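No lab work stands behind these numbers, since they all come straight from the coordinates. None of the values given here were measured: they were computed from a predicted structure. Cβ sites come from the backbone with ideal geometry, for glycine too, and all protein chains shown count toward neighbours.
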Amino acid sequence: MKRWRRWVKRGVIGAVAALVALALVGALYQTLATQADRRNFPPPGKLVDVGGYRLHIQCAGAGYPTVVLETGALSMSAAWGWVQPQVAVHTRVCSYDRAGLGWSEPGPEPRDALHIARELRTLLKNAGETPPYVLVGHSSGGLLVRVYADQYPEDVVGLLLLDSSHPDQDARLEKVLGKPSFLEEGLFSSLPVLARLGVLRFILRFPALASRIDDLPPRQAAEAKAFLADSSHQSAGRAELALWEETTAQARATRPLGDLPLVVISAGGMKTASPKRQVVNELHGELAALSSRGSHRILAGTTHMSLATNRAHAAQVAEAIRELVEATRAQVEKK
């Protein structure tokens, strides 16, 4: 019995030592790889001071209104690798990284929609970009552009909500699916730690697990994977998600959009008949009803991610943005 206990004790000590060693190796691997990423992927745009810290913004094209692209949670400007160049053919278009994400420096808390909207307005002004703007928000970015339009209506002449989050989606989905929001499952809380230990970087090496990212142009795919594996990027994304309830409450409190041109696009992939997608499409119909000039489109064959990452699907999104730009341009010219 004593010998058995000694063997168990040694086994436990050995396992703990192995885990510690593995964690140290992973942390070293992560540090060296992050340093290499910073050298290999310099910011494609410019870093603009917004009050003691700098945000990254990349603009292209000419014309008005300027299209401003807002990504979803944990994402960055590289996600618009297909969409932005196609929109730039027709008008001015800017993508950017929220504080702490991508190439942007960390910013002060709170990381809720109201704070992010103020930062974005300061960024656009300090970068020399002038309204009017058409705002495009993907996923949770849809909440952010709604709050921006509510806070600064004089800046905004159109909105496009791309498979957007809805402020009431958690309660509505839980009622139908019988399980809580994905934000309550704890996965997102662990991502900064997994990144710090090099686990996310290792996972992203497998094409099957990073297939949607790899659908982006090669340069942007490499950039996106580099920053998704970055613990600073993950920590900034987690800080935003920690204030999910505050952000949804702020979006819920926004006013109706009157006759502001509004396009809501839903993904229309293979699971369109699923209970979850049916609820989401109903929510998107409610978003379209926020404006008397709102429209709701379901793009067949697309998924939440592929709307931006798949070249053909992104082309459909870019065309929808072009149509919205043309409609708002005609309206501006009448005034």
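Tabulated results
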| read-out | value |
| --- | --- |
| 12 Å beta-carbon shell around S164, net charge (K/R +1, D/E -1) | -2 |
| Straight-distance crosslink candidates among aspartates and glutamates, where the alpha carbon sits under 17 Å from K225 and sequence neighbours closer than 8 are dropped | D37, D97, D214, D215 |
| Neighbour-count ranking [beta-carbon atoms within 10 angstrom, fewest first] of W82, W103 | W82, W103 |
| Contour excess over end-to-end distance, with Cα ends at V176 and A300 and 0.36 nm allotted per residue | 42.3 nm |
| Note, ³J(HN,Hα) from phi for segment 158-165, Karplus 6.51, -1.76, 1.60, rounded to Hz, x at Gly and Pro | x, 10, 10, 9, 9, 6, 6, 5 |
| Neighbourhood charge, 9 Å Cβ-Cβ cut-off, centred on Y64 and excluding it, Lys, Arg +1 and Asp, Glu -1 | +2 |
| Cα→Cβ-extended label distance, 7 Å offset, between D214 and A60, nm | 2.4 |
| Cut-off 12 Å between beta-carbons: net charge of the residues surrounding D150, Lys and Arg +1, Asp and Glu -1 | +1 |
| Along each principal axis, Cα extent of segment 215-272, largest first, Å | 41, 30, 25 |
| Considering only segment 45-334, percent of DSSP beta bridges that pair antiparallel, nearest 5 | 25 |
